[in-house]
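Take a look at the structure below.
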Amino acid sequence: MLTNCLMISAWRRIVNLLAPRACVVCNTRLEPHENAVCAPCNLHLPRTNYALEPYENALAQLFWGRVKVEKCVALLHYQAAAPVSALFYKLKYGNMPYLGVELGWLMGKELIPTGFFQDVDFIVPVPLAKQRVRQRGYNQSEMLAQGVALATGLKVENKLIRRIVNTETQTHKDRWERADNVNSAFKLMKQPPKAGTHVLFVDDVATTGATLCACIRCLQDVKNIKVSVLCMGVAHAR
Ligand SMILES: [Zn+2]
């Protein structure tokens, strides 16, 4: 085990020398032991601390009166003009699938001690329409989910729900029109999970919660279904 760790460490040092990795927030060179974000940037990331109150926070509130949820955690506050926005932009549009895995892994490691993953049976990343996956090369939520899975040992179920309508780009529509449109965008593709299953949905950024609500509704007929939500960020309406 120790030899393995030493070998990985030596290998990372070599990789770092040949192809230096940069912090996704400030672009400074990462140390071999750092992942995605350098230590000073990591320290200043706008954390929500929602894991302290996973049932009552601004993310959980997005679902109240719409769908039943258990725990809801977003790791960071999404701030459009702040340095942290670089992280979200690169995750989605930067052609950096490994960044999603690294961030998911960091998120998983950070939340394990809070007990957030207790009772969860498997992870479902919020699906992206096929056309978008082709354009970007990957689904950022799926990459995050894979990272969380690496950290927690939970399984990723990425074929349970499919996005059949691409409703992602609709900035011209208001919140209610958007919610209406996204409601029929997802379809359950497999046998529903068995009664009492606890599903963890993973997404990059939650804004109105409409997309997640639509995903969650695909499972609403499952008896005693439990749904929790984990997002890398939550954007707050102004
Ligand atoms: Zn940095």
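The table below gives the values:
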| quantity | calculated |
| --- | --- |
| Listing of strands (runs of 3 or more DSSP E) fully contained in region 179-238 that carry 2 or more residues being modelled with pLDDT of 95 or more, in the same structural domain as residue 84 (by TED's automatic domain parsing) and among the basic types (Lys, Arg) | none |
| Considering residues of region 26-42 that are of a type in the set (S, T, N, Q) and within 15 Å of residue 106 (Cα to Cα) only, the residue farthest from the ligand (Cβ to nearest atom) | 35 |
| Single residue of 21, 13 found to be at pLDDT below 95, of a type outside the set (A, V, I, L, M), away from the ligand (no atom under 16 Å from the Cβ) and surrounded by 11 or more Cβ atoms within 10 Å (Cβ to Cβ) | 13 |
| Pairs with Cβ under 9 Å, 6+ apart, first in region 107-133 and touching a residue at least 40 places away in the same chain (Cβ under 8 Å) and of a type in the set (S, T, N, Q), second crowded, with 22+ Cβ neighbours inside 10 Å and outside any loop (DSSP other than H, G, I, E, B) | 114/73 |
| Failed criterion for residue 99 (all others in (1) within 18 Å of residue 126 (Cβ to Cβ); (2) away from the ligand (no atom under 16 Å from the Cβ) hold) | (2) |
| Residues of region 54-69 satisfying the condition of being farther than 12 Å from residue 232 by Cα and surrounded by 17 or more Cβ atoms within 10 Å (Cβ to Cβ) | 54, 57, 60, 62, 63, 67, 69 |
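The values are calculated or read from the model by the stated rules, or taken from the named source; none is laboratory data. As the structure is a computational prediction, the values presented were derived from the model and not from experiment. Quick reminder, even Gly has a Cβ in these numbers, built from the backbone with ideal geometry, and neighbours come from all protein chains shown.
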